[in-house]
1. Scanning the stretch 125-136 for residues that are charged (D, E, K, R) and touching a residue at least 24 places away in the same chain (Cβ under 8 Å), which turns out surrounded by the fewest Cβ atoms within 10 Å (Cβ to Cβ)?
2. Would you point out the residue of the stretch 147-190, among those that are among the polar types (S, T, N, Q) and loosely packed, with under 14 Cβ neighbours inside 10 Å, that is nearest to residue 111 (Cα to Cα)?
3. State whether the residues of the stretch 20-33 include one that is modelled with pLDDT of 95 or more, outside any helix (DSSP H, G or I) and open to solvent by less than 50 Å² (accessible area, probe 1.4 Å).
4. Out of all the residues in the stretch 89-113, which are open to solvent by less than 10 Å² (accessible area, probe 1.4 Å), in a helix (DSSP H, G or I) and in contact with a Leu (Cβ under 9 Å, 6 or more places away or on another chain)?
5. As an exercise: evaluate residue 70 against (1) surrounded by 23 or more Cβ atoms within 10 Å (Cβ to Cβ); (2) in a strand (DSSP E or B); (3) in contact with an Asp or Glu (Cβ under 8 Å, 6 or more places away or on another chain) and give the number of the one condition it does not meet.
6. The conditions are (1) buried (at least 19 other Cβ atoms within 10 Å of the Cβ); (2) on the phi < 0 side of the Ramachandran plot, and residue 75 fails exactly one of them. Which is it?
Amino acid sequence: MGRRWNIFDAAFVGTSLTAGREKWQQSVETELQKSNTIQLRFHDFGVPGSLSSAGLATIGIPVSFRFDLAVIEYGMNDANTIYGAPLETFKSNVSAMVDAFQTGSPNTKICLMTMNPVVGAALKDRPNVESYYQQIRDIADERKLTLFDVDPQWGNPPVEDIPDGVHPTIPALNRVLVPYLVSHLAPLVS
């Protein structure tokens, strides 16, 4: 879409943690809009249950819009030992998504994001999610991309904040994720 008509468009690509179920993008957008004279529009490309391979297969859609900013969030489902992807495949898929934006929409600011830790019984199926998040950190570092490293911001959250072990509650997102993203996105959208 590119910056035009005093509008800033951002795409959020990822799993159910990105998908609009919790509406955290709307909260972030609302908070950022309070201090911006340009119109902000956040577009949700999160798909529940998706692996990075599904994100790669459909990345052409958000790339084609030529957004001002793209945030890529994957790792939680790829880390699932039942249906996930090997670490090397995950890294390759995320790198290929970055390549797709850099080639097809070179003016898009690309950001990578980790989300929340796994807690409780969900740890059984995702014991190595931190290894997947570390790949996100490594890719961001290697490629000089902006990293929203939300995972450590959670500390050791109680199960009440993430009752199914994977998906934070709305109050928990509003307490941890939303203020973090507002402060880290603010310099990028002004």
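The values are calculated or read from the model by the stated rules, or taken from the named source; none is laboratory data. From a predicted model like this one, the values you see are computed outputs, not experimental measurements. For neighbour counting, all protein chains shown are included, and Cβ atoms are generated from backbone atoms with ideal geometry for every residue, glycine included. Note: accessible area is taken over every heavy atom of the protein model, side chains too, but ligands, DNA and RNA are not part of it. Shrake-Rupley method; radii C 1.70, N 1.55, O 1.52, S 1.80 Å.
1. 125
2. Taking the candidates together, the pick is 183.
3. No; the residues of the stretch 20-33 include none that is modelled with pLDDT of 95 or more, outside any helix (DSSP H, G or I) and open to solvent by less than 50 Å² (accessible area, probe 1.4 Å).
4. 90, 94, 97, 98 - these are the residues of the stretch 89-113 that are open to solvent by less than 10 Å² (accessible area, probe 1.4 Å), in a helix (DSSP H, G or I) and in contact with a Leu (Cβ under 9 Å, 6 or more places away or on another chain).
5. Among (1) surrounded by 23 or more Cβ atoms within 10 Å (Cβ to Cβ); (2) in a strand (DSSP E or B); (3) in contact with an Asp or Glu (Cβ under 8 Å, 6 or more places away or on another chain), residue 70 violates only (3).
6. Against the list (1) buried (at least 19 other Cβ atoms within 10 Å of the Cβ); (2) on the phi < 0 side of the Ramachandran plot, residue 75 comes up short only on (2).
Residues checked against (1) farther than 21 Å from residue 149 by Cα; (2) modelled with pLDDT under 95; (3) not aliphatic (A, V, I, L, M):
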site	(1), (2), (3)
66	yes, no, yes
70	no, no, no
73	no, no, yes
90	no, no, yes
